[in-house]
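Worksheet for the structure shown next.
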Amino acid sequence: MGIPSRQTDRIAEGLCNKVSAPYLPLAVKKPKCKAVEAPAPPRTCSGQEASTASVPTVSPERTAQHMNSRILDMLERIECRRHVKILYACESGSRAWGFDSQDSDYDVRYIYAHPVNRYLSLDPVRDVIEGPVDDELDFSGWDLRKALRLMRKSNPPLLEWLQSPIVYRQAPRPVAKLRELMPKCYSPIACHYHYLHMAQGNYREYLRADLVPLKKYLYVLRPVLACLWIEKGFGVVPIRFSILAERLVTDATLKSCIQHLLERKKASDELGLAPRIPAISDFIDAQIARLSEKAELPPARVAGPAVDRLFQQILIELYGTNIEPVPEGDVD
């Protein structure tokens, strides 16, 4: 759904000013934008400085402070227009994984809750809020009940969201309880299948030609390393690529090539087509072939009652125990 018209904005803001909700956030004061210096030029494998011609500068409009302010403002607008409470909002994608470039988009993911009366409706409540999306920002949210149902299935994207190093909003107690539930719902089989399928798909589409898009190496390496993490029984897969690489990559040549690739990715807007990197390609080829065979993994854990209790506890935390009828004409 796109951003409403100015007229709709005024109506929505008027309604929001009349609503008394203890969890609505305070207004965010927009800071002045500051220009940032361009990153130091990346180095080649030989140690020489690479050309700075392809290193983009960051405009003041895309500084971290400015973008953070835009994101917080939009989260407030979503709460007001949709009559929900956002209990958690974070960054996902390349910025959360740790291999974003200067012009990477901001992928904001959040978990929200409707008022209690909406969950008592005879008709199912809509469980996704999509958009707004533009050239810089991509918002998408899941209803609390949907998120908990996916938690019960050990949904890897949700497990990653709750580990994101970039958190825009959170209700401390409910989010702490969600994180406590992660290891109880963690299913090695479900997560292994998810990451293996992701690695196989990106590998087939991007990395089988003589010339490959270099940045796609990272989008195959990360799920491959996630599968190795699961195989070794290390628990819930961490979201940061650096944690996976540091613990699982032991070959010095492979580690050096991955580090050099990361430096190039972070310093450049885009990495174009280039010949395959033998050390990385050989590692990926061997691991995908091996991982594609049936793996022996421990069974999933069952945490159904705990998830139900948490759903009720979070609604009480956000709205209290009073239940009011749905206002006439109030629809999703």
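No lab work stands behind these numbers, since they all come straight from the coordinates. This one's a predicted model, so the numbers in the text were calculated from it and none came from an experiment. Note that each Cβ is placed from the backbone with ideal geometry, even for glycine, and that neighbours are counted across all protein chains shown.
Observations on the structure shown:
- Computed from the Cβ-Cβ distance with R0 of 22 Å, the FRET efficiency linking ARG208 to ILE166 stands at 0.10.
- THR63, THR253 arranged by Cβ crowding within 10 Å, fewest neighbours leading: THR253, THR63
- Residues GLU293, GLU91 in ascending order of nearby Cβ atoms (within 10 Å, fewest first): GLU293, GLU91.
- Exposure proxy ranking, count of Cβ atoms within 10 Å, fewest first, for ARG126, ARG109: ARG126, ARG109
- If you take all other residues with their beta carbon under 15 Å from the beta carbon of SER242, and give Lys and Arg +1 and Asp and Glu -1, the sum is +3.
- Look at the dipole of the stretch 154-213 built from charges on Cβ: of GLN170, TYR193, TYR206, the Cα furthest out on the positive end belongs to GLN170.
- Assuming charge only on the beta carbon of Lys and Arg (+1) and of Asp and Glu (-1), the dipole of the stretch 188-291 about its Cα centre is about 160 debye to the nearest 20.
- For the residue pairs LYS177/LYS265; LYS153/LYS294; LYS85/LYS184, the alpha carbons lie more than 29 Å apart in LYS177/LYS265.
- Packing-based ranking, highest mean first, of 305-318, 221-234, 153-166 given that Cβ atoms within 10 Å are counted: 221-234, 153-166, 305-318
- Extension gain, ASN322 to ARG247, is 22.1 nm, computed as 0.36 nm per intervening residue step minus the present C-alpha separation.
- Amide N proximity, the stretch 165-185 versus ALA64 label position 7 Å along Cα-to-Cβ, cut-off under 17 Å: 165-169
- Inter-label distance for ASP134 and SER292, nm, one decimal - labels placed 7 Å from Cα along Cα-to-Cβ: 4.4
- Note on the stretch 241-280 and the stretch 153-185: Cα centroid distance 28 Å, given to the nearest whole angstrom.
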